[in-house]
Ligand SMILES: Nc1ncnc2c1ncn2[C@@H]1O[C@H](COP(=O)(O)OP(=O)(O)OP(=O)(O)O)[C@@H](O)[C@H]1O
Ligand SMILES: [Mg+2]
């Protein structure tokens with residue numbers, strides 16, 4: 001039988017509408033049953049989960065040929081529960097999801113849901129992840145436009161490509177993520193001689209202003225200084241990302257270590273040493289510690305293992321900086 005903890009988590013995730021977590025726990029249940037020798041039951045649980053997940057997947061669209069390679073389409077499977085941030089920050093994301101889901105209700109009162117969002121913050125703090133979580137929560141595909149690539153590859157044609165992408169938004173519902181956005185969002189005064197960037201930025205401002213699609217438009221950057229003031233007005237919301245504080249570091253480490261965490265794990269040194277690391281760095285560090293535990297057959301990860309992984313990472317950085 002499933003453990004009491006698993007059953008409680010399963011029920012909780014259902015009521016919290018944490019679908020991805022619900023699936024994960026269901027699959028853990030299947031694994032648990034398989035281990036007990038109940039392979040038919042394990043198989044049944046896995047089939048039910050697979051079937052339901054397939055049903056909920058949106059159909060992926062095919063972009064016109066000239067946009068292929070520029071726009072990456074995926075169906076992320078990351079739910080809100082794995083995203084770590086302050087309570088206020090999570091509430092802002094919840095608000096975006098809520099308004100999107102209830103857009104008809106808002107429309108009937110002449111109001112529009114938030115759907116043009118600017119994400120600003122240091123590397124590895126969850127900007128791209130936010131776009132993935134939103135796509136997953138809203139059950140729509142994520143289309144990522146690598147803006148720096150668009151600009152360098154199509155110098156001279158960037159505005160035309162942008163128009164095609166904005167045209168697609170009308171037809172193909174999705175989250176459109178303009179990643180590395182400062183490649184065009186740079187202040188217009190910092191322009192090059194030919195004025196290409198100024199034209200591209202003006203085009204983007206015009207497209208985003210005129211856009212009335214149902215798609216969600218997200219622009220992400222880790223360089224707020226470069227962003228033109230004119231841009232801020234065009235977005236319905238601006239979210240600022242920060243490196244994780246102590247509470248968030250703890251939550252993140254707990255999440256990533258999961259069942260690998262040793263029962264006598266102590267926190268003080270780990271929380272101190274991990275200060276200043278981004279979410280992504282902490283994520284990698286914990287995964288390093290887990291890999292090590294698997295490879296050395298230690299099975300569990302204690303604070304020493306995490307500290308060692310943090311120091312190894314810091315030493316690699318130091319080595320790189322000194323080169
Ligand atoms: N807030 C977060 N909560 C949980 N995990 C996170 C968070 N932020 C980052 N991560 C982890 O780090 C990985 C990389 O983060 P992400 O790509 O979202 O960073 P980013 O802010 O887009 O960075 P960049 O500016 O370099 O593009 C994620 O896939 C996830 O595993
Ligand atoms: Mg990113």
Practice task
Would you check if there is a residue in the range 132-141 being surrounded by fewer than 18 Cβ atoms within 10 Å (Cβ to Cβ), away from ligand 2 (no atom under 16 Å from the Cβ) and at pLDDT 85 or above?
Solution key: yes
Practice task
Please go through the range 263-277 and pick out each residue that is under 29 Å from residue 120 (Cβ atoms) and surrounded by fewer than 19 Cβ atoms within 10 Å (Cβ to Cβ).
Solution key: 271, 272, 273, 275, 276
Practice task
May I ask you to list pairs of residues, at least six apart or on different chains, whose Cβ atoms are under 6 Å apart, with the first in the range 203-229 being in the same structural domain as residue 136 (by TED's automatic domain parsing) and the second being in a loop (DSSP other than H, G, I, E, B) and within 16 Å of ligand 1 (Cβ to nearest atom)?
Solution key: 219/181; 220/181; 221/181; 222/122; 222/123
Handout entry: helices (runs of 4 or more DSSP H) wholly inside the range 219-282 containing at least 1 residues that are more than 16 Å from ligand 2 (Cβ to nearest atom) and over 24 Å from residue 96 (Cα atoms)
Key = 246-257, 268-273
Practice task
Inspect all residues belonging to the range 5-13 and state whether any of them is under 21 Å from the mean Cα position of the chain (by Cα), closer than 30 Å to residue 244 by Cα and modelled with pLDDT of 80 or more.
Solution key: yes
Exercise for the section: Given the conditions (1) loosely packed, with under 15 Cβ neighbours inside 10 Å; (2) under 26 Å from the mean Cα position of the chain (by Cα); (3) away from ligand 1 (no atom under 15 Å from the Cβ); (4) touching a residue at least 24 places away in the same chain (Cβ under 8 Å), report the number of the one that residue 260 does not fulfil. Expected result: (1)
Exercise for the section: State yes or no: is residue 320 outside any helix (DSSP H, G or I) and either modelled with pLDDT under 95 or surrounded by 16 or more Cβ atoms within 10 Å (Cβ to Cβ) (or both)? Expected result: no
Exercise for the section: Determine whether residue 287 is outside the structural domain of residue 128 (by TED's automatic domain parsing), surrounded by 11 or more Cβ atoms within 10 Å (Cβ to Cβ), within 20 Å of residue 125 (Cα to Cα) and in contact with a strand residue (DSSP E or B) (Cβ under 8 Å, 6 or more places away or on another chain). Expected result: no
Problem - Residues of the range 62-108 that turn out to be in contact (Cβ under 8 Å) with a residue 12 or more places away in the chain and exposed (fewer than 14 other Cβ atoms within 10 Å of the Cβ), as a count - result: 7
Exercise for the section: Check whether at least one residue in the range 74-81 is over 26 Å from residue 257 (Cβ atoms) and either under 17 Å from the mean Cα position of the chain (by Cα) or away from ligand 2 (no atom under 16 Å from the Cβ) (or both), and report yes or no. Expected result: yes
Exercise for the section: Take the residues in the range 116-128 that are surrounded by fewer than 21 Cβ atoms within 10 Å (Cβ to Cβ) and within 17 Å of residue 176 (Cβ to Cβ), then tell me which one is farthest from ligand 2 (Cβ to nearest atom). Expected result: 116
Fill in the blank from the handout: For residue 176, the lone unmet condition from (1) under 21 Å from residue 67 (Cβ atoms); (2) under 26 Å from the mean Cα position of the chain (by Cα); (3) part of a helix (DSSP H, G or I) is (3)
Handout entry: Flag if residue 97 is at pLDDT below 90 and in the same structural domain as residue 171 (by TED's automatic domain parsing)
Key = no
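The values are calculated or read from the model by the stated rules, or taken from the named source; none is laboratory data. Every value quoted in this text rests on a predicted model; they were computed, and no experiment measured them. Cβ atoms come from the backbone with ideal geometry, glycine included; neighbour counts cover every protein chain shown.
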